[in-house]
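One structure is given below, encoded as structure tokens.
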Amino acid sequence: MSHFSLSGLSEPQRAAASTINGPVLILAGAGSGKTRTVTYRMAHMVLNEKIPSSSILAVTFTNKAAKEMKERVIGLLGKRKGRGLTVSTFHSLCVRILKEEIHHLGYSNRFSIYDGGDQVAIVREALTYYHAGKKFDKKMILGRIGFLKNNGILPEDYIQSPFFNEEDEYDLAVETVYRFYQERLKFCNAIDFDDLLLLTVHLLDKHPEIARKYSEKYQYIMVDEYQDTNPLQFSLVQALTSAHHNICVVGDDDQSIYAFRGADIRNILEFENHYKGTRVIKLEQNYRSTKKIIDLANEVIKLSAGRKEKTMFSTNDTGPKPYLWRTGDTDHEAGVVVDDIIAYQKDGGSLADVAILYRSNTQIIPFEDALRLSMVPYRIIGGQKLYDKKEIKDLIAYLSVIHNPKDELSLRRILNVPNRGIGPVTLESHLEIAKVNECSLFEAFELAAQSGEKVAHGGADFVKTIRKYQQKFQEHTLAEALSTLIEEIEYYAYLEKNYDHPKMLEKKRSDVQYFIESAERFTRFRGKFATLEEFIEKLLLADSQNEEKDDEDPDVRRNEVTLMTLHSSKGLEFEVVYFVGMEEEMIPHKKTITEGGDINEERRLCYVGITRAKEKLVMTYCQQRKIYGKDTPRHKSRFVQELEALYEEQDRNALGHLTDEEADEYIADVFSGLISSLED
């Protein structure tokens with residue numbers, strides 16, 4: 001076969017692809033073509049350096065990333081040359097090792113991997129055994145066990161670890177349950193997902209000869225997204241390089257945003273300390289975004305403490321400058337964003353190229369409502385639409401029956417929600433009444449109630465409620481009537497019976513409150529046309545245009561706007577990005593500020609959001625936002641204020657003739673001269 005050419009790569013990419021031996025750190029900035037570089041590197045190793053493909057191991061984080069990488073390498077190598085190449089996730093690699101070696105830890109090699117349901121069952125058994133079944137939340141206990149495992153803490157080490165607090169009753173419970181849990185797993189010759197890493201690292205640490213065996217098998221190791229590795233993954237990489245230092249890691253410390261999952265940014269920042277003689281190669285050209293967007297991103301991230309020095313650049317000087325829009329409140333924010341999306345679509349743009357990014361899922365609802373009211377199809381990645389949640393579907397069913405008592409599907413949904421003692425037997429008897437009298441099921445309940453039958457007592461109350469609210473929805477606003485209905489049917493008490501965990505209960509109550517606010521929002525939007533009939537019609541029409549099941553794969557795009565958190569957006573790109581809620585206590589998040597968290601991680605999250613945009617970036621902030629039902633004043637994020645301060649310092653004379661209010665409107669900061677501000 002002829003020589004494999006690296007001429008299709010830029011000079012830094014070629015350097016990264018052709019540096020094979022020894023430790024290599026590739027600092028690959030956002031949109032810098034790292035996957036292309038990595039796949040060319042593997043092809044170069046096999047075709048030009050004649051390294052056996054079976055000696056190469058590439059590790060990444062998701063099955064999707066591993067599959068894409070392998071397909072691209074095989075496309076360069078051909079199937080025959082690519083045979084034996086290992087491109088795997090960390091967890092798949094651990095399964096492979098444990099299937100061969102787990103007997104050294106006292107397990108049979110034919111072990112089972114337990115799923116979430118199996119895990120909860122063991123925790124339930126442990127809590128019951130220790131007479132604490134109802135006192136503790138099983139999933140919270142399980143979450144803490146998973147956290148300990150990902151930090152390499154075995155049951156016998158827990159009490160001595162920095163994570164144990166003897167005054168925390170959950171920590172005391174975990175200490176007991178963790179031991180029981182791990183013993184039960186071993187008795188069943190089973191492991192859980194977190195054990196894959198924990199037991200593999202424990203195995204390689206306890207048996208250095210096994211670590212050396214796999215290190216000699218995989219002579220060349222590559223790790224993608226290295227900034228996202230946790231302590232266990234770091235230990236695994238160290239064990240696999242015990243026989244050599246042919247380790248190439250690819251990552252970007254500026255995009256390290258997963259500390260809450262256990263990722264440790266020090267792994268990439270201190271790589272050169274762990275592997276002496278490391279060659280550092282920087283990929284600084286961005287092929288995704290315009291120069292104006294990248295210039296802004298650089299100004300935001302350069303203030304991050306302790307980062308690896310690099311400056312991204314783009315040669316694409318097209319497209320508009322980034323915008324910052326000041327809006328009055330959340331409804332205004334959502335309205336102007338959706339209006340702009342509609343204008344983009346009218347100009348020939350595809351909704352599939354548009355994303356709305358936010359720091360917290362609590363920001364979604366006004367945008368959902370604005371999109372639905374404007375009949376703009378959308379999908380939410382990594383979250384559930386408000387109107388798809390059980391509680392909201394229950395309340396919509398109530399509204400549907402109040403509007404149209406003959407809606408039997410909705411009627412059946414809510415007959416016994418909350419519980420009225422209307423079980424299958426009662427339902428069957430009323431279906432028979434409906435059949436005999438040739439009437440609807442609702443009318444059958446009404447007939448039974450009029451007859452005074454004892455069995456129909458719950459049904460009689462239900463009929464009375466529906467008739468009462470047919471009148472109330474004519475006399476009161478949608479939100480007022482809906483609020484009263486929810487109280488009258490004691491829906492909050494129903495939620496309390498079904499969700500005993502405080503956080504989950506609070507979330508469900510919040511969703512109901514959001515629905516009431518949606519009704520209020522609809523009234524403001526439609527004015528005198530805001531009838532119950534019109535409200536239901538809008539809800540159902542919006543649902544009918546989104547009948548296709550939402551695909552959780554963000555790369556599978558239909559002609560609809562994508563809504564997602566900043567964390568979920570990493571690795572993706574869109575022609576047009578609306579980065580909403582650019583406010584202090586939103587980004588950086590209030591919890592990070594009040595609990596003394598890492599502001600630099602919030603800054604990196606801001607950087608990730610900005611660099612998702614290819615052509616157009618719009619950032620928004622509100623002057624007030626409804627928080628816990630109260631209108632609360634808001635302020636621009638410090639990440640914006642820092643840029644404004646920087647600009648003022650650079651060119652005070654340009655602002656000297658402006659009032660403070662005018663400066664806020666027109667200040668050029670580092671957006672290269674443009675902030676477009678919308679009037680309230």
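The values are calculated or read from the model by the stated rules, or taken from the named source; none is laboratory data. None of these values were measured; they are calculated from a predicted model. All Cβ positions, glycine included, derive from the backbone under ideal geometry; neighbour counts span all protein chains shown. With ligands, DNA and RNA removed, areas are computed over all heavy atoms of the protein, side chains included. Shrake-Rupley method; radii C 1.70, N 1.55, O 1.52, S 1.80 Å.
Summary table
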quantity	calculated
When residues of segment 134-160 are limited to those that are assigned to a helix (DSSP H, G or I) and among the small types (Gly, Ala, Ser), the one surrounded by the most Cβ atoms within 10 Å (Cβ to Cβ)	146
Residues that are modelled with pLDDT under 85 and hydroxyl-bearing (Ser, Thr, Tyr), drawn from segment 109-156	129, 130
Pairs with Cβ under 8 Å, 6+ apart, first in segment 257-270 and farther than 23 Å from residue 144 by Cβ and free of Cβ contacts under 8 Å to residues at least 24 places away in the same chain, second open to solvent by 30 Å² or more (accessible area, probe 1.4 Å) and not in a helix (DSSP H, G or I)	none
Check on residue 379, outside any helix (DSSP H, G or I) and of a type outside the set (A, V, I, L, M)	yes
Residues within segment 589-610 that are more than 17 Å from the chain's Cα centre (by Cα) and not in a helix (DSSP H, G or I), tallied	4
Subset of segment 496-523 (residues that are modelled with pLDDT under 85 and not aliphatic (A, V, I, L, M))	499, 500, 501, 502, 503
Number of positions in segment 331-348 that are of a type outside the set (Asp, Glu), in contact (Cβ under 8 Å) with a residue 60 or more places away in the chain and open to solvent by 20 Å² or more (accessible area, probe 1.4 Å)	3
Top-ranked residue of segment 101-117 - restricted to ones that are in contact with a helix residue (DSSP H, G or I) (Cβ under 9 Å, 6 or more places away or on another chain) and assigned to a helix (DSSP H, G or I), ranked as surrounded by the most Cβ atoms within 10 Å (Cβ to Cβ)	102
Flag for residue 306 being touching a Leu at 6+ places or on another chain (Cβ under 9 Å) and more than 12 Å from residue 578 (Cα to Cα)	yes
Spans of helices (runs of 4 or more DSSP H) in segment 473-542 with at least 3 residues crowded, with 19+ Cβ neighbours inside 10 Å	478-488, 502-526
Residue selected from segment 627-647 under the condition surrounded by 17 or more Cβ atoms within 10 Å (Cβ to Cβ) and outside any helix (DSSP H, G or I), by the criterion nearest to the chain's Cα centre (by Cα)	637
Pair list, Cβ under 7 Å, 6 or more apart: segment 510-531 residue more than 13 Å from residue 628 (Cα to Cα), other residue open to solvent by less than 30 Å² (accessible area, probe 1.4 Å) and outside any helix (DSSP H, G or I)	522/530; 523/530
Residue that is farthest from residue 147 (Cα to Cα), among those in segment 158-211 that are small (Gly, Ala, Ser) and in contact (Cβ under 8 Å) with a residue 40 or more places away in the chain	190
Selection status of residue 427, closer than 23 Å to residue 539 by Cβ and not small (Gly, Ala, Ser)	no
